[in-house]
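What follows draws every value from the coordinates through simple rules; no lab data is involved. The model shown is predicted, which means the values in this text are computed figures rather than measured ones. All Cβ positions, glycine included, derive from the backbone under ideal geometry; neighbour counts span all protein chains shown.
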Amino acid sequence: MAGARDSSSATRFAQFKLVLLGESAVGKSSLVLRFVKDQFDDYRESTIGAAFLTQTIALDETTTVKFEIWDTAGQERYKSLAPMYYRNANCAVVVYDITQAASLDKAKSWVKELQRQANENIIIALAGNKLDLSDKRQVETSVAENYAKEAGLLFFETSAKSGENVTELFTEIAKRLPLESSTSRQRAAPKGVDLSRSSNRRAPSQTSNGCTC
Ligand code: GTP
Ligand code: MG
């Protein structure tokens, strides 16, 4: 039996697979970079294939959530790879750029695809990124918010550049995930994948994004 001082046995630890989808250049990789490393690059290379990263957040003193993040490539030529990344995903962040109206249409089509083909219980968040450029806004907050409500999505406007609402977005998703059923008392390795190694190998940088195929 664990000793009284073994406080780790009282902590809850859960890990979830999260996928980012959205048109190229809306800022998916930048949101991940802000969330994982608290950094921002004014010039980021477009993602090739997909990149894999992990980030762990403390929801409260006893609950830790680890996200296994698949940052997909938004360019059209990679579209057919997407199901590989959203299959089995517990949650998805579908990103559009508030300064590009067409990127919301693309986001809506990703939401439709997820709702048809991803996990039945997937939590989907819609993120209107580049909030720091609100003087060039083409998508009104209320329009996106109403759509998100109708479609049953979480909704945030974010800025990977300033960091506004980035932690809030991922934290809100973590709160909606079914912690009880996934919680483990052990910090067990994920099924069949050495995440720590793949995380190092595939962490995106300015020079390379690890292709996962
Ligand atoms: P793909 O990998 O091609 O799918 O693109 P992406 O969605 O990952 O976009 P990425 O993060 O590479 O960002 C595209 C460009 O937008 C880069 O030049 C970023 O610096 C810029 N960018 C991303 N987020 C923001 C933001 O919040 N504000 C501003 N001003 N620029 C941003
Ligand atoms: Mg990218």
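The set of residues from the stretch 68-90 being more than 16 Å from ligand 1 (Cβ to nearest atom) and more than 14 Å from GLN115 (Cα to Cα) comprises just one member, GLU68. Please verify whether PHE35 is within 14 Å of ligand 2 (Cβ to nearest atom) and either among the hydroxyl-bearing types (Ser, Thr, Tyr) or surrounded by 13 or more Cβ atoms within 10 Å (Cβ to Cβ) (or both), treating the condition exactly as stated. So PHE35 passes the test.
Does LEU31 fit the bill of being of a type outside the set (S, T, N, Q), part of a helix (DSSP H, G or I), touching a residue at least 24 places away in the same chain (Cβ under 8 Å) and under 17 Å from LEU126 (Cβ atoms)? Yes: the conditions hold for LEU31. Annotation: of all residues in the stretch 38-63 being out of contact with any Leu (no Cβ under 8 Å at 6 or more places or on another chain), assigned to a loop (DSSP other than H, G, I, E, B) and of a type outside the set (Gly, Ala, Ser), the one that is nearest to ligand 2 (Cβ to nearest atom) is THR47.
If you go through the stretch 44-75 and pick out every residue that is more than 12 Å from the chain's Cα centre (by Cα) and touching a residue at least 24 places away in the same chain (Cβ under 8 Å), you end up with 16. Residues in the stretch 125-150 that are assigned to a loop (DSSP other than H, G, I, E, B) and within 17 Å of VAL111 (Cβ to Cβ): 1 in all. Looking across ASN119, ASN129, one residue alone is surrounded by 13 or more Cβ atoms within 10 Å (Cβ to Cβ), closer than 28 Å to SER80 by Cβ and either acidic (Asp, Glu) or more than 14 Å from the chain's Cα centre (by Cα) (or both). It is ASN119. On the stretch given as the stretch 144-182, residues that are touching a helix residue (DSSP H, G or I) at 6+ places or on another chain (Cβ under 6 Å) and either aromatic (Phe, Trp, Tyr) or farther than 24 Å from ALA102 by Cα (or both) total 3.
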